[in-house]
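Below is one structure; the comments refer to it alone.
The values are calculated or read from the model by the stated rules, or taken from the named source; none is laboratory data. Please read all numbers here as calculations on a predicted model, not as lab measurements. Here the Cβ is made from the backbone with ideal geometry for all residues, glycine too, and neighbour counts use every protein chain on show. Surface accessibility is based on the protein's heavy atoms, side chains included, excluding ligands, DNA and RNA. Shrake-Rupley method; radii C 1.70, N 1.55, O 1.52, S 1.80 Å.
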Amino acid sequence: MTRRAWVVALAAALLAGCLSIPVSTIWKLRNFGPEQLFALDPAELRAALLVDPRVTMKGGRIDIAIAPPGGAPKRSYAILLQQPQRDDPRLPRAPAGRVWQVFALSPASVVEFQKLKQEFKAIPKGATVTVSVGFDEGKVPPELRREFPVRLDLLLDPAEGYFTMIKDTTFDLDRDGKK
């Protein structure tokens, strides 16, 4: 499944009500907007996937699209994620039969994010910011393709720790990935 397919699969599952987003996450992100996004330290951002230990993910990507008000052209940015470690001690212990795969911004993406922060200051108030996250599958055993278990946790602020963005859910990679 490609990055785009992951994003499409996550979005489709969310719209269909298949994903379980904790109420605490909805509450935490209720006032999270562009100002909060660009106030984050990009070197600290993490996305952690809880998956079967036989699964490997190649990397990921955060796509940020900024649509200024008044019909000005949309700007799009791609922030690449790399897997810096297999685990992070700040995450809860993985249950039996699951492992964490932790992703952070690549060094070049940290620079890109800082540049994006500066550009954002020049965008007029009322801009719409869309953020999506996707991952490239590396290796997924055939028996997991129809019911691929995954959970997504995010670290935005090290002082607050990780929070669950998407509770445990399953995807049919063959069906959901063909978009």
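Before moving on, here are some points about what is shown:
- Applying the criterion of at least 1 residues that are modelled with pLDDT under 80 and of a type outside the set (A, V, I, L, M, F, W, C) to the strands (runs of 3 or more DSSP E) found wholly in region 46-156 leaves 75-85, 128-139.
- Screening Arg90, Arg61, Arg86 for residues that are open to solvent by 50 Å² or more (accessible area, probe 1.4 Å) and in contact with a helix residue (DSSP H, G or I) (Cβ under 9 Å, 6 or more places away or on another chain) leaves exactly one candidate, Arg61.
- Test: Thr164 is in a strand (DSSP E or B) and open to solvent by 60 Å² or more (accessible area, probe 1.4 Å): no
- Options Pro107, Pro73; residue that is closer than 22 Å to Gly161 by Cα and either open to solvent by 60 Å² or more (accessible area, probe 1.4 Å) or more than 18 Å from the chain's Cα centre (by Cα) (or both): Pro107
- Glu44 being out of contact with any Cys (no Cβ under 9 Å at 6 or more places or on another chain), open to solvent by 20 Å² or more (accessible area, probe 1.4 Å) and touching a residue at least 40 places away in the same chain (Cβ under 8 Å): yes
- Residue count for region 121-131 under the criterion of being open to solvent by 30 Å² or more (accessible area, probe 1.4 Å) and either more than 14 Å from Arg75 (Cα to Cα) or of a type in the set (A, V, I, L, M, F, W, C) (or both): the result is 5.
- Residue pairs whose Cβ atoms lie under 7 Å apart, sitting 6 or more positions apart in sequence or on different chains, and linking a residue in region 150-175 that is acidic (Asp, Glu) to a partner that is open to solvent by less than 50 Å² (accessible area, probe 1.4 Å) and assigned to a strand (DSSP E or B), are Asp153/Ala48; Asp153/Phe163; Asp153/Thr164; Asp153/Met165; Asp168/Pro149; Asp168/Arg151.
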